[in-house]
Amino acid sequence: MCLAGFLYGGSKMKLYNLGKVPWLDSQLIYHALAHMGQEALSLVSPAEPYVCIGFHQDAEQEVDMDFCRQNKIPVFRRDLGGGAVYLDGGQLFFHLILHRDNPSIPKGKTTFYKKFLQPIINVHQRIGIPVTYKPINDLLAGSCKISGTGAAEIGECIVFVGNLIVDFNYEMMSRVLKVPDEKFRDKVHQTLKENLTTIQRELGKEKAGQWDEAQLNELMAEEFQNLLGPMQPAAKDAALQAKMDECQAILYSDDWLYQKSKTRASGRDIKIRAGVKMLHRMHKAPGGLIRAEYAVVDGCFGDLHFSGDFFCFPSNAVKELEKRLNGQPVADAGKLVQEFYAQKTLETPGVEIQDWLKVLAVT
């Protein structure tokens, strides 16, 4: 047993095994704990459904906002990368919050994911589902993904989040996404069913029903403590609620939700005049989708904006890349991106220099 986690800072990590909570709390709790600098494991699931988008995504491009408004489905932007997802009580979340300098954190995101996904692999195996790890951060049952995970730096902490997918509403997931037409939506629905599985699908509904939410949360608590050492059971107190309220004022605001939309360039591959074009490019890298919208004015980048479901550490580094490129010659894109990657603190798992250059290609 590794004791580094619970001994860090001289006190045990806290364990918030809270079960069903209001949907907004299921996101605010880990943001708040990270900003408080509190090492903890949080186990929750949302009492109501909602849509959650990644930090680098554009809400209006990724989500059918009109459908969500009409059906009273909230939309939330988390402070982590990754893609848009429909969440409900069929998914049980874990949030692991660790100080950035905690000695139990391995160097490199692939090693990080492999280590801290092991408890979730163990839980699946204990309930009868053989699961394997696939870099960078996927867990597979056979050839299908069975858990969604992500990590980010928030405040002075590393936050690792993921889930046990007991059941999944494939139809609603395909409905809340913004797609060009219904034929494409049907394809999304079918592709989801073919590539994402659940505990119920793997075990059968009757056998899966032998494991209720409380039991599954207890298994997660046990496995994370086997890895990190004993944790101190905790309840949400006034200090945590106050920090959650502070986070809500920022994270559940239109300014936060639509921040990417406000900066994106308008138009799609449109020639404005000689020497001026507006472009939209997409590329699917191993680490996620990269979308770039920008102008080319007399051979130079202008109004460049990146979005997508990739992960970047630190998250604000994408803004730095935009600044480095804006106003610079398109011909220098390769050199500028290479200089950007020369930073020792930068990590973009599954996204390499050539992936950025594919969305920056101008012919």
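For this structure, a couple of remarks:
- HN-Hα J in Hz across the range 210-217 - Karplus 6.51, -1.76, 1.60, θ = phi - 60°, x for Gly and Pro: 6, 10, 8, 4, 4, 5, 5, 5
- Quotient of Cα Rg and 2.2 N^0.38 Å for the chain, N being how many residues it contains: 1.02
- Dipole of the chain [Lys/Arg +1, Asp/Glu -1 at C-beta], most positive-end residue of 357, 143, 116: 357
- Between helix 182-195 and the chain: long-axis angle, C-alpha atoms, 0 to 90°, nearest 10: 40 degrees
- Only DSSP H runs of four or more residues enter the estimate; each adds -39500 (n - 2.57), and after division by the residues of the chain the mean residue ellipticity at 222 nm equals -10000 deg cm²/dmol.
- Each 10 Å bin, from zero up to the one with the longest distance, holds this percent of the alpha carbon pairs of the range 124-205: 16, 39, 31, 13, 1.
- In a simple Cβ point-charge model (Lys, Arg +1; Asp, Glu -1; nothing else charged), the range 23-118 has a dipole of about 500 debye relative to its Cα centre.
- Relative pair counts by distance (%), Cα atoms of the range 264-359, 10 Å bins: 16, 52, 27, 5, 0
- Reachable lysines, given that their alpha-carbon falls under 19 Å from the alpha-carbon of residue 107 and they are not under 8 places away in the same chain: 115, 134, 344
- Of all aspartates and glutamates in the structure, the ones whose alpha carbon falls short of 17 Å from that of residue 323, not counting any fewer than 8 places away in one chain, are 293, 303, 332, 339.
- Dipole of the chain [Lys/Arg +1, Asp/Glu -1 at C-beta], most positive-end residue of 253, 158, 179: 179
- The relative contact order of the chain comes to 19 percent, based on Cα pairs under 8 Å that sit 6 or more residues apart.
- Signed unit charges on C-beta, dipole axis of the chain, positive-most listed residue 41, 23, 104: 104
- A Cβ-based charge dipole, computed about the Cα centre of the chain with Lys and Arg at +1 and Asp and Glu at -1, lands at about 760 debye.
- With Cα atoms, 0 to 90° folded angle of helix 238-251 axis to the chain main axis: 20 degrees
- Debye, to nearest 20: dipole size of the range 264-359, +1 on Lys, Arg Cβ, -1 on Asp, Glu Cβ: 280 debye
- Taking the range 264-359 and dividing mean pair separation by its residue count, relative contact order in percent (alpha carbons under 8 Å, at least six apart): 26 percent
- When only alpha carbons are used to place a centre, the range 182-242 and the range 293-363 end up 35 Å from one another.
- Comparing mean-square fluctuations of 57, 232, 70 from a GNM of the chain with C-alpha springs under 10 Å, the top value falls on 70.
Each value in this text was obtained by applying a stated rule to the coordinates, not by laboratory testing. Worth saying up front: this structure is predicted, and the values here are computed from it rather than measured. Every residue, glycine among them, receives a Cβ derived from its backbone with ideal geometry; neighbour counts consider all protein chains shown.
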